[in-house]
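Remarks on the structure that follows.
FYI, it's all coordinate maths here, none of it is from the lab. Remember, it's a predicted structure, so these values are computed and weren't measured experimentally. All Cβ positions, even for glycine, are placed from backbone atoms using ideal geometry, and neighbour counts span all protein chains on display.
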Amino acid sequence: MTGRPRALITGVTGQDGSYLAELLIAKGYEVHAVIRRSSTFSTGRVEHLYQDVHEEGRALNLHYGDLLDTGSLVSVLGKVEPDEVYNLGAQSHVAVSFQMPEFTADAVAFGTMRLLEAIRQTGRPVRFYQAGSSEMFGKVESPLQNEDTRFHPRSPYAIAKVFAHQMAVFHREAYGMYCANGILFNHESPRRGEVFVTRKITQAVARIAAGRQDHLYLGNLKAKRDWGYAPEYVEAMWRILQQPEPDDFVIATGETHSVEEFAALAFASVGRRWQEHVRYDPRYERPAEVDLLQGDASKAERVLRWKARTTFADLARIMVAADLRAEGLDPDSVMRHD
């Protein structure tokens, strides 16, 4: 690429998209994003990046489009002519995918295929990043999962992500396109959606500390995941597209912790015992559970020079502090520092 690089992001209004937009802007990119037309505003995570669409030199340029609508993708690609495309758009909640499998497949699997085909038809040398998920590994056969581990998805979401991953590989091998996959293990932050378990926990901790809530209802407390910090993971996405040749990378911390451990840390940070507030609710159990995910990111460390830096305990504290502030509480006066 020459001059000021131009990037296009799908899913910019989500956790990862907003952090990625910040990172690319800081690196001097001209950043564009596809957002869906809606009757309500969903741009809260990127409002600080967005200026009026008619202004010149704006930090973030928003374009209406949808992964379910090929015409809109073709139109945006033709208008933006990006050097890099980051496909983060998805119906990304695993539990919801059991209730809406058709929509999940259309948005995640076929949405990726539509975008790849639209890029291919432009004939331009675009570098494409596909956001994969550790959920693709599903029912694991080895304690650590790396780029060579077999996929065994256990949800409609994970199945759709495997399709998207393989479509990226197919376009790379069949058409010589620069298509790279990042297989990201769980990564959290204060911008994590409130329906995801870590954010559900930290938000409940803050509300309990504020006296607005008494109990938190959760499903499988024994499920173990490899949890990292989202701002570090979007840096890995960018590094993946800077490699001379397209490739696939697992991005993870290499550690695994249970939902119970996260809850214990979050409640302990405000001087409370999780057992006094957490209640089990079978409605949050999945038809097919994924019990353990733990990533081996040694390839990313070797090739990308990337490594997770934020500890599991620090991640919990960062998220609790942010939710305390949202409740109008001062983290310094509420949180324990021992």
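Quick notes on this one:
- Cα gyration tensor shape of the range 100-141, rounded if a/c is under 1.5, else prolate or oblate by comparing a/b with b/c: oblate
- Residue ranges 327-335, 161-169, 311-319 sort as 161-169, 311-319, 327-335 when ordered by packing (mean number of other C-beta atoms within 10 Å per residue, highest first).
- Distance (nanometres) between label positions extended 7 Å along Cα→Cβ at F196 and E173: 3.0 nm
- Kirkwood-type radius of the chain, with distances r between different C-alpha atoms, in Å: 20.7 Å
- Span from the the range 173-215 Cα centroid across to the the range 74-91 one, whole angstrom: 23 Å
- Size of charge dipole - the range 48-195 - debye, nearest 20, with Cβ of Lys, Arg +1 and Asp, Glu -1, no other charges: 300 debye
- Helix-only CD estimate at 222 nm, as mean residue ellipticity for the chain, using -39500 (n - 2.57) per DSSP H run (n ≥ 4): -10500 deg cm²/dmol
- Pairs from K79/K224; K139/K299; K79/K200; K161/K200; K27/K224; K27/K222 whose Cα-Cα separation, in the structure shown, is over 32 Å: K79/K224; K79/K200; K27/K224; K27/K222
- Cα convex hull of the range 159-237 - mean projected area over all directions, nm²: 7.1 nm²
- ³J(HN,Hα) computed for each position of the range 122-139 - Karplus, 6.51 cos²θ - 1.76 cosθ + 1.60, integer Hz, glycine/proline x: 6, x, 8, x, 8, 8, 10, 10, 9, 7, x, 9, 4, 4, 4, 6, x, 7
- DSSP bridge pairs, the chain: antiparallel proportion in percent, nearest 5: 5 percent
- Label point at E255 placed 7 Å out along Cα→Cβ; residues across the range 306-338 whose backbone nitrogen lies under 16 Å: 307-320
- Share, in percent, of DSSP beta bridges within the range 164-274 that are antiparallel, nearest 5: 25 percent
- Cα-Cα separations in the range 282-335 greater than 17 Å, expressed as whole percent: 65 percent
- Sorting D16, D247, D296 by the number of Cβ atoms found within 10 Å of their own Cβ, with the fewest placed first, yields D247, D296, D16.
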